[in-house]
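The values are calculated or read from the model by the stated rules, or taken from the named source; none is laboratory data. In this text the structure is predicted, and so the values were computed from the model without any measurement. We place every Cβ from the backbone using ideal geometry, glycine too, and count neighbours over all the protein chains shown. All accessible areas refer to the heavy atoms of the entire protein, side chains included, with ligands and DNA or RNA removed. Shrake-Rupley method; radii C 1.70, N 1.55, O 1.52, S 1.80 Å.
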Amino acid sequence: MAIREANSSDKSHILKFCKNTFSWGDYIKDVWNYWFSEGNLLVIERNTPIGICHAFFSKNQVWLEGIRIHPDFRRKGLASQLIKKAESLAIQKQISISHMLIDAQNKPSILMAQNLHYEIYQTWNFYSLLPEKKSCDEISFESRIKENEFSHYVKSWRWLPLDQKALFSLDSKNCIINSTKKGKKTQAILKDSEHFKKTLIVTLFAGSKNNNVNLLSYLQNFGFEKKYQRLQILTKEMLPEFKNLEYKISFHLMKKLLS
Ligand SMILES: CC(C)(COP(=O)(O)OP(=O)(O)OC[C@H]1O[C@@H](n2cnc3c(N)ncnc32)[C@H](O)[C@@H]1OP(=O)(O)O)[C@@H](O)C(=O)NCCC(=O)NCCS
């Protein structure tokens, strides 16, 4: 069993078994070209490719995504081998933290990660919100997020460290919004999806109910004005009942310290 970087002829083999992975299908076809061009798209093969895992390296963190093993070859330790390979690449780069995101209902995958000494670090809820013309008030655009206040923000479904550099860059591009009505403020980071057109990905740090509702109203209207098709909201909190806001699923953000 060999592990290597993907080449351009792997795509068709991989997509054959990454169609109906989950009840809703799979997204590998939508991200393959992007991940391939980023590099570190690992393939495990026996005559033909039978498993994949993509590793994305950022400052002191490796993000593991798209772990898939052909159904005929599961429970043979192949996913574990791919993950260990990606971890060893991270260690070579002096990276000390590995993360992956797993559907909280995906027991096999959670067991696999725990078997490799990952722990459930945080749990995040995914909501979708339909754009709609709305009025809202008291939204400001400057960063009120302090360094170390929150650990991560979401960029194209990757949880990236919210360090000083990221905060500065997000703030300078007006990606951080706040609702500061009475009560605890609500804050959000807005990023366009790199894989899906007209999709806005929002990391939301919830505050008081009136600030949450105000910020959701702003997002709906912003989505309407900017002609987004989908607003995807990721938050650690549960959000209030809100028209056209739909709770979808929860994910565990898994973490492992590498040595
Ligand atoms: C999850 C998945 C990647 C695991 O791949 P795999 O190669 O079968 O995993 P491994 O053989 O390395 O499993 C290692 C350990 O994980 C646990 N595990 C894996 N699959 C399991 C299952 N179906 N039920 C229970 N435990 C399971 C076991 O502890 C296993 O060790 P064991 O076989 O000695 O008991 C594979 O089932 C898959 O492709 N699933 C669909 C896509 C998916 O869910 N991807 C993960 C998204 S993060």
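Here is a yes/no grid of residues against (1) modelled with pLDDT under 95; (2) crowded, with 20+ Cβ neighbours inside 10 Å:
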residue: Met1; (1), (2): yes, no
residue: Asp10; (1), (2): no, no
residue: Glu45; (1), (2): no, no
residue: Ile50; (1), (2): no, yes
residue: His54; (1), (2): no, yes
residue: Phe57; (1), (2): no, no
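Looking only at the range 107-115, decide whether some residue is farther than 30 Å from Ala79 by Cβ and at pLDDT 95 or above.
Step one: of the range 107-115, the residues farther than 30 Å from Ala79 by Cβ are none.
Within the range 107-115, none of the residues are farther than 30 Å from Ala79 by Cβ and at pLDDT 95 or above.
Is it the case that Ala90 is open to solvent by less than 10 Å² (accessible area, probe 1.4 Å), more than 10 Å from the ligand (Cβ to nearest atom) and not hydroxyl-bearing (Ser, Thr, Tyr)?
yes
Report, by residue number, each residue of the range 123-133 that is closer than 22 Å to Thr203 by Cβ and more than 15 Å from the ligand (Cβ to nearest atom). I'd like the intermediate steps shown before the answer.
Going residue by residue through the range 123-133, those that are closer than 22 Å to Thr203 by Cβ are 123-132.
Once the filter is applied, which keeps residues that are closer than 22 Å to Thr203 by Cβ and more than 15 Å from the ligand (Cβ to nearest atom), the range 123-133 yields Asn125, Tyr127, Ser128, Leu129, Leu130, Pro131, Glu132.
Can you pull out every residue in the range 27-60 that is in contact (Cβ under 8 Å) with a residue 60 or more places away in the chain and polar (S, T, N, Q)?
Ser58, Asn60, listed by residue number.
Give Ile50, Ile44, Ile102 a once-over and let me know the one that is assigned to a strand (DSSP E or B), within 26 Å of Tyr153 (Cβ to Cβ) and within 14 Å of the ligand (Cβ to nearest atom).
Numbers: Ile50 fails: within 26 Å of Tyr153 (Cβ to Cβ); Ile44 fails: within 26 Å of Tyr153 (Cβ to Cβ).
Exactly one of Ile50, Ile44, Ile102 is assigned to a strand (DSSP E or B), within 26 Å of Tyr153 (Cβ to Cβ) and within 14 Å of the ligand (Cβ to nearest atom), namely Ile102.
Considering Ile52, Ile95, which residue is under 22 Å from the mean Cα position of the chain (by Cα) and under 15 Å from Leu258 (Cβ atoms)?
On the way: Ile52 fails: under 15 Å from Leu258 (Cβ atoms).
After ruling out the rest, the residue left standing is Ile95.
Given the structure, is Tyr127 of a type in the set (Phe, Trp, Tyr), over 20 Å from Trp24 (Cα atoms) and modelled with pLDDT of 95 or more?
no
Quick one: which strands (runs of 3 or more DSSP E) sit completely within the range 159-259 and have at least 2 residues that are open to solvent by 30 Å² or more (accessible area, probe 1.4 Å)? Write out each step before concluding.
Numbers: elements: 176-179, 186-192, 199-205, 230-235, 245-257.
Per the criteria, 186-192, 245-257.
For the range 70-83, state whether one or more residues are open to solvent by 40 Å² or more (accessible area, probe 1.4 Å), within 16 Å of the ligand (Cβ to nearest atom) and in contact with a helix residue (DSSP H, G or I) (Cβ under 7 Å, 6 or more places away or on another chain).
yes
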